[in-house]
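Have a look at the structure below before the remarks.
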Protein chains: 2
Amino acid sequence: MSDTRPIGVLDSGLGGLTVAHEILRLMPGERIVYLGDTARYPYGNRSDEVIRAFTLECARELCKHNIKLLVVACNTMAAVAMKIIEQHLHDVPVIGVILPGVRAAVLRTADRKIGVIGTHATIRSSVYKQSIQRIDASIKVYETSSPLLLPLVEERMFDHDIARMAAQFYLYEMMDGGVDCLILGCSLFPPLFEVVQGTVGTRMQVLDSALWTAKEAQDILTALDLKSGSRDGGVERSAFLFTEKPEGSHRLMELFYGAPLTEYSIVAINRGTV
Amino acid sequence: MSDTRPIGVLDSGLGGLTVAHEILRLMPGERIVYLGDTARYPYGNRSDEVIRAFTLECARELCKHNIKLLVVACNTMAAVAMKIIEQHLHDVPVIGVILPGVRAAVLRTADRKIGVIGTHATIRSSVYKQSIQRIDASIKVYETSSPLLLPLVEERMFDHDIARMAAQFYLYEMMDGGVDCLILGCSLFPPLFEVVQGTVGTRMQVLDSALWTAKEAQDILTALDLKSGSRDGGVERSAFLFTEKPEGSHRLMELFYGAPLTEYSIVAINRGTV
């Protein structure tokens, strides 16, 4: 059976484009509808209540596009709002970006010490710690919110002393503690991969969840027999929606998608009117 | 005549509390209704269209409180949305946070070189440059957006090497160019006053607009004969509204208000429902 409905990818902004990219790389026959809530990004400092309200609103918007699978690509959304999405959207299977990264880290840690960096909301939720210790309660988890890293990505300061110093500031305790596996728990962090890996050295493996999340999407579509047999997928047949014009952020979109992404639409979600 | 209606102070988040504080210090008989759009803060990376829509929505909410003067305390709101506020709200006089700072800087610069740091949206608007050169076209204006400074305030890293390095990164060109007067063009920057002044040294005077904005509010109320003759004002008689619970930000509120601020209410503006 061939199911040509699109896969929905939900994010608070642009970072989830890495997940969209990996999905289309693994499954070039699929189409994606991406929704990034750029009008209200970033979510990471908001209260749980507001994150849940915003996320549900966006998920409902995405479901209007007749999606066969919903991938929550934003760590903050997945950390705080997974339950409420599952409660309200019964008709579509949902996966988040957190568990695939957790499983990859648990498989890789030799010293049973995993580190996680992310937004305030993601770290406050303890979702990484709980998910890791549900698999193996003996693993020690070091969690640190790292808000300074976000503007470093926006400023494209990947190879600047400030980036190295900020990475050191957030990670020295994990290095001291002997963490051997670090999860980048925010979809905007991948561009900092090299400066982070350079800071922690070879003893610590740095994991970005995009690839594992794409693999999990593939597994689920296969298991539920929802894969597209079409050759008519890919980025040209996908739709990229944002809640505000990502002004001045073409270079950022390229950064996350790995290629220029010039076609997109704007949807209005609770934007108010002028 | 005594007009006991409150003064409305509008901000995208918490920074405008410095302006509210100065207003009550100068005019202890006045009451304030403060509205901070913490659910959608920060505004500084958004498109002009969205900033205008969000700002107008908040201004209308604030006008429901029968205010006699509207003070736009957020630089991004004032830079991008002053016109649309004035177009839509006819019944209340409006002042922004930008012109008072501009006038103070123009009076103080001896070498006719003024620097401005602020959000992307504020700097993109060129409002500081235009306002300064409308007063004196011969003044040279150096403008730089400085997004790294915001999370430094959130992290309370006022005395950290990263703060000094970030200040240097954004200001070395102005120091080189001989700027002698620097406007902190974002209401969240005042806590960085000392690290900025320490970086630029004694040759450059650093200006924060809160005090001048409060003085302008006082002048306008006096000119329009709208001052309160009451002794029944002050912080206890004022109302502080936020669009989301400022979770974990009590310390930040104290930082901006200069004293603990424990009483506040939540208003729902386009929050969606769960």
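The values are calculated or read from the model by the stated rules, or taken from the named source; none is laboratory data. This is a predicted model, so every value here is computed, not measured. Every residue, glycine as well, gets a Cβ built from its backbone with ideal geometry; the counts of neighbours run over all protein chains shown. Side chains included, ligands, DNA and RNA excluded: accessible areas come from the protein's heavy atoms. Shrake-Rupley method; radii C 1.70, N 1.55, O 1.52, S 1.80 Å.
Residue check: residue A:128 meets all listed conditions (1) within 15 Å of residue A:187 (Cβ to Cβ); (2) buried (at least 24 other Cβ atoms within 10 Å of the Cβ); (3) in contact (Cβ under 8 Å) with a residue 60 or more places away in the chain but one, namely (3).
Looking across region A:32-56 at every residue that is small (Gly, Ala, Ser) and surrounded by 24 or more Cβ atoms within 10 Å (Cβ to Cβ), the one that is nearest to the other protein chains (Cβ to nearest Cβ) is identified as A:39.
Name, by its number, the condition in (1) more than 14 Å from every other protein chain (Cβ to nearest Cβ); (2) under 17 Å from the mean Cα position of the chain (by Cα) that does not hold for residue B:90. Failing condition for residue B:90: (2). For region B:57-99, a residue qualifies if it is part of a loop (DSSP other than H, G, I, E, B), touching a helix residue (DSSP H, G or I) at 6+ places or on another chain (Cβ under 7 Å) and open to solvent by less than 10 Å² (accessible area, probe 1.4 Å), and the qualifying residues are B:73, B:97. Only one of the numbered conditions (1) out of contact with any strand residue (DSSP E or B) (no Cβ under 8 Å at 6 or more places or on another chain); (2) within 14 Å of chain B (Cβ to nearest Cβ); (3) polar (S, T, N, Q) is violated by residue A:243, and that is (1). Just so you know, in region B:201-227 the residues that are without any contact (Cβ under 8 Å) to a residue 40 or more places away in the chain and open to solvent by less than 50 Å² (accessible area, probe 1.4 Å) include one that is nearest to residue B:175 (Cα to Cα), and it is B:201.
Scanning region A:236-251 for residues that are modelled with pLDDT under 85 and open to solvent by less than 30 Å² (accessible area, probe 1.4 Å) returns A:246, A:249.
Note on region B:122-171: residues that are part of a helix (DSSP H, G or I), more than 9 Å from every other protein chain (Cβ to nearest Cβ) and not charged (D, E, K, R) amount to 16.
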